[in-house]
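Before any comments, here is the structure.
We did not get these values from a lab; they are worked out from the coordinates using the rules stated. Only a predicted model underlies this, so the values are computations on that prediction, with no experimental measurement involved. No Cβ is skipped: glycine too gets one built from the backbone with ideal geometry, and neighbour counts run over all protein chains shown.
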């Protein structure tokens, strides 16, 4: 942690979020383009995870790009936690749980990105589900922490409440596809693969956009404070 503190003295923590998000978006774009060179697709025909096995080097771009994206996101959430704690002047339990959940979520997604889903399907699934479930908690709790802080914008605080439903909607569609018995009678005429894939893309893009927005906001707050 001391090393992280020293880094934050030289580089604003918000920049880690900005760079992480930009790398994530560029990774999705390049991997998608490489995928379409062999197999044209839409957001309704492939899961984001399918790019991990994409042709023309899409798989390499996906794994390397998202690995760096996640590595940079970790110090960003450390900074966000420290920033909120310092602004509140106390160790708020909500902020602490939000930080812990962000680290668990980062661990889950790094496992999902690295674990080849064709060889280690269940390892990939567990990592991905940990990320999707835990990120709901991360977004909501960090938003609550920001809203409770009188020095911060309430409008900025609610952004996490906007992102969390994307993850909830995806999980509902995903589990309805692979575990249809859980949602028997809710989905008619049956589980929808296309919407499960589409909502996963929306959730991932929404989360990356949230990190980018938060990173920019934190840089501005300190610059003009």
_Using alpha-carbon coordinates, inclination of helix 13-38 to the longest axis of the chain, degrees_ = 20 degrees
*Specify which labelled value, from (1) 1.13; (2) 0.99; (3) 0.94, agrees with Rg/Rh (Cα atoms, Kirkwood Rh) derived from the coordinates of the model shown.*
(2)
*Would you order 116, 92, 213 from fewest to most other beta-carbon atoms within 10 Å of each residue's own beta-carbon?*
116, 213, 92
_12, 5 arranged by Cβ crowding within 10 Å, fewest neighbours leading_ = 5, 12
*Could you list 135, 38 in order of exposure, starting from the residue whose Cβ has the fewest other Cβ atoms within 10 Å?*
38, 135
*By average C-beta atoms within 10 angstrom, highest first, the peptides 173-179, 128-134*: 128-134, 173-179
